[in-house]
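Let me begin by presenting the structure, written as structure tokens, before commenting on it.
The values are calculated or read from the model by the stated rules, or taken from the named source; none is laboratory data. Just so we're clear, the structure is a prediction, and the values are computed from it rather than from any experiment. All Cβ positions, glycine included, derive from the backbone under ideal geometry; neighbour counts span all protein chains shown. Only protein heavy atoms, including side chains, enter the accessible area calculation; ligands, DNA and RNA are left aside. Shrake-Rupley method; radii C 1.70, N 1.55, O 1.52, S 1.80 Å.
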Amino acid sequence: VENYTFKYHTPTRQSGKGYDLFGYANGSDVLTSSVYDTKALVSSGRKYNFSRAVENTLYRITNSTGGVTEFVYQPNSCSQTFNGSPIEIGIRVKSISVTDKISNKTKIRTFTYENPKSSINFSNLKQDHFISQSGTTSVTTSTVVTQTNLFTASCRIPGMAIENAKIYYGKVTEE
């Protein structure tokens, strides 16, 4: 019976428990669900952080003979931007190395990704798609209008929920 040992990237000791636009941990201390801040910029609490996105992912498998398989990740990105920032959704495998302790040989497989396409066209999204307006009007001797603007956690446009966005590749090559 073979025994395997699995190692995972452990969460850092940072106190931040925030999540980026796509639901991956980013370690932000700014705990907000709003996409935009009050200056209509992407909230600092919702920005991508690769070192936190890899938390809890498998990085090493050791078998009973001492053979080791290691995984290296990189940001999963596409050529689109959102409000001037590159679209980075989670992680993808950059390389896998397998070391045989008996022969002391290592085989490294690297991956290249081409023709990325997001499941959402981010160029169609505008800031007002993340603002919900509500208000009341009361009529007495003069008309009184009260309006409230609320920054939302997701896009209000049907079918454009950014937290469900995925990146697909036209070509993935193993070298």
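The residue pairs whose first member lies in the stretch 154-175 and is part of a strand (DSSP E or B), whose second member is open to solvent by 30 Å² or more (accessible area, probe 1.4 Å) and among the hydrophobic types (A, V, I, L, M, F, W, C), and whose beta carbons are closer than 8 Å, counting only pairs six or more residues apart or on different chains, are 172/111; 173/111; 174/111. Just to verify a result, which residue in the stretch 57-73, among those that are among the aromatic types (Phe, Trp, Tyr) and either open to solvent by 70 Å² or more (accessible area, probe 1.4 Å) or touching a residue at least 24 places away in the same chain (Cβ under 8 Å) (or both), is farthest from residue 169 (Cα to Cα)? Ranking the candidates gives 59 first.
Against the test of being modelled with pLDDT of 85 or more, of a type in the set (A, V, I, L, M) and buried (at least 18 other Cβ atoms within 10 Å of the Cβ), the options 35, 54 yield a single qualifying residue, 54. Would you check which residues across the stretch 109-126 are within 21 Å of residue 58 (Cβ to Cβ) and under 20 Å from the mean Cα position of the chain (by Cα) and list them? Passing the criteria: 111, 113.
Considering the stretch 132-175, the residues that are closer than 26 Å to residue 77 by Cα and aliphatic (A, V, I, L, M) include one that is modelled with the lowest pLDDT, namely 153.
You will find that of 76, 83, the residue that is open to solvent by 50 Å² or more (accessible area, probe 1.4 Å), under 20 Å from residue 18 (Cβ atoms) and among the polar types (S, T, N, Q) is 83 and no other.
None of 130, 22 is closer than 23 Å to residue 168 by Cβ and open to solvent by less than 70 Å² (accessible area, probe 1.4 Å) except 22.
Where strands (runs of 3 or more DSSP E) fall wholly inside the stretch 8-107, the ranges with 2 or more residues that are of a type in the set (S, T, N, Q) and under 14 Å from the mean Cα position of the chain (by Cα) are 68-82. Within the option set 97, 79, being at pLDDT 90 or above and touching a strand residue (DSSP E or B) at 6+ places or on another chain (Cβ under 9 Å) holds for one residue only, 97.
Kindly indicate whether residue 123 is at pLDDT below 85, within 18 Å of residue 154 (Cβ to Cβ) and loosely packed, with under 13 Cβ neighbours inside 10 Å. Yes, satisfied.
In the stretch 94-108, how many are over 14 Å from residue 63 (Cα atoms), hydrophobic (A, V, I, L, M, F, W, C) and open to solvent by 100 Å² or more (accessible area, probe 1.4 Å)? Number of matching residues: 1.
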